[in-house]
1. Would you mind calculating the relative contact order of the stretch 18-84 from Cα pairs under 8 angstrom and at least 6 residues apart, reporting the percent as a whole number?
2. What's the angle, to the nearest 10 degrees (0 to 90), between helix 32-42's Cα axis and the longest principal axis of the chain?
3. Could you rank Trp10, Trp51 by how accessible they are, 1.4 Å probe, largest area first?
4. Hey, what's the Kirkwood Rh for the stretch 1-139 if you take every pair of different alpha carbons, in angstrom?
5. For the stretch 72-81, just list the computed ³J(HN,Hα) in residue order, Karplus coefficients 6.51, -1.76 and 1.60, θ = phi - 60°, integers in Hz, with x standing in for Gly and Pro.
6. Under unit Cβ charges (Lys, Arg +1; Asp, Glu -1), what dipole magnitude, rounded to 20 debye, does the stretch 123-240 have relative to its Cα centre?
7. Toward the positive end of the charge dipole of the chain, about the Cα centre and with charges on Cβ (Lys, Arg +1; Asp, Glu -1), which of Leu179, Cys208, Thr23 goes farthest?
8. In this model, which of Lys143/Lys227; Lys143/Lys206; Lys206/Lys227; Lys57/Lys206; Lys54/Lys227; Lys110/Lys143 are farther than 24 Å apart at the alpha-carbon?
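The values are calculated or read from the model by the stated rules, or taken from the named source; none is laboratory data. As the structure is a prediction and not an experimental result, all values here were calculated from the model. Here the Cβ is made from the backbone with ideal geometry for all residues, glycine too, and neighbour counts use every protein chain on show. Heavy atoms of the whole protein, side chains included, go into the accessibility calculation; ligands, DNA and RNA do not. Shrake-Rupley method; radii C 1.70, N 1.55, O 1.52, S 1.80 Å.
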Amino acid sequence: MGYDARFRVWRGDTEGGELQDFTVEVNEGEVVLDIVHRLQATQAPDLAVRWNCKAGKCGSCSAEVNGRPRLLCMTRMSTFDTDEVITVTPLRTFPVIRDLVTDVSLNYRKAREIPSFTPPDDLKPGEYRMQQRDVERSQEFRKCIECFLCQNTCHVVRDHEENKEAFAGPRYLMRIAELEMHPLDVADRRDMAQDEFGLGYCNITKCCTEVCPEHIKITDNALIPMKERVADRKYDPIVWLGNKLFRR
Ligand code: SF4
Ligand code: SF4
Ligand code: FES
């Protein structure tokens, strides 16, 4: 059965903005993105929102609902009380372009900085062979839809603009871990993860894992194993001796 819901939606641009109040019709089975679309159709035709698939698969409609990072298309209206005021705001970690649309290009830059898959020189395409368990491990990470909810949630950058340069964020540290665990990748990504992509900033709070719509165990299956690999390297006596000699 339909009802009228109260919404507070952030409207603004790079210069600033504010929450605006709306009362809007809600019908059975709808998600927050349906309500945003109804607002566009009836009361706020210039309201900016990014979306694409409406099926939780493109990662475009990320925003914050009542302060929690979510996909607008996967957040059911039935999870809220009918008399609840629902606040919809843009991702907090990234600069606003307009209304609910943020500039997430930092993530694409971080992605480009990661050296790509590096197979051995003498291995030709068609000769790649992997154990099934190695395939399954990377398949979990490859479920990522690049919604950047984890990047938005991580406290290392959420309120710390100054950390953005030095920290790649959970999504890209996971990418480095995926490549590091790949049995056919010959690049050693351990020093790189620590020194260039800021793995040391992560204190395994698992906030990124909690918001991942694909339920990827980012912290347990990517970040912690990567930290263990980095620690192994640091405390490897041969590496330690090499570092000492090199420094002389
Ligand atoms: S586990 Fe690490 S990457 Fe994930 S939210 Fe916590 S500090 Fe950030
Ligand atoms: S790891 Fe999960 S939360 Fe992070 S970008 Fe990928 S799908 Fe989104
Ligand atoms: S519109 Fe594609 S994930 Fe929401």
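1. Relative contact order comes out at 34 percent.
2. For helix 32-42, the angle is close to 40 degrees.
3. Working: Trp10 45, Trp51 105 Å².
Largest to smallest exposure gives the sequence Trp51, Trp10.
4. Details: mean 1/r = 0.0569 Å⁻¹.
For the stretch 1-139, the Kirkwood estimate is 17.6 Å.
5. 5, 7, 10, 9, 6, 5, 5, 7, 10, 5
6. Details: 18 positive and 22 negative charges, 64 e Å.
Approximately 300 debye in magnitude.
7. Leu179
8. Working: Lys143/Lys227 22 Å; Lys143/Lys206 18 Å; Lys206/Lys227 14 Å; Lys57/Lys206 22 Å; Lys54/Lys227 36 Å; Lys110/Lys143 19 Å.
Table pairs above 24 Å Cα-Cα are Lys54/Lys227.
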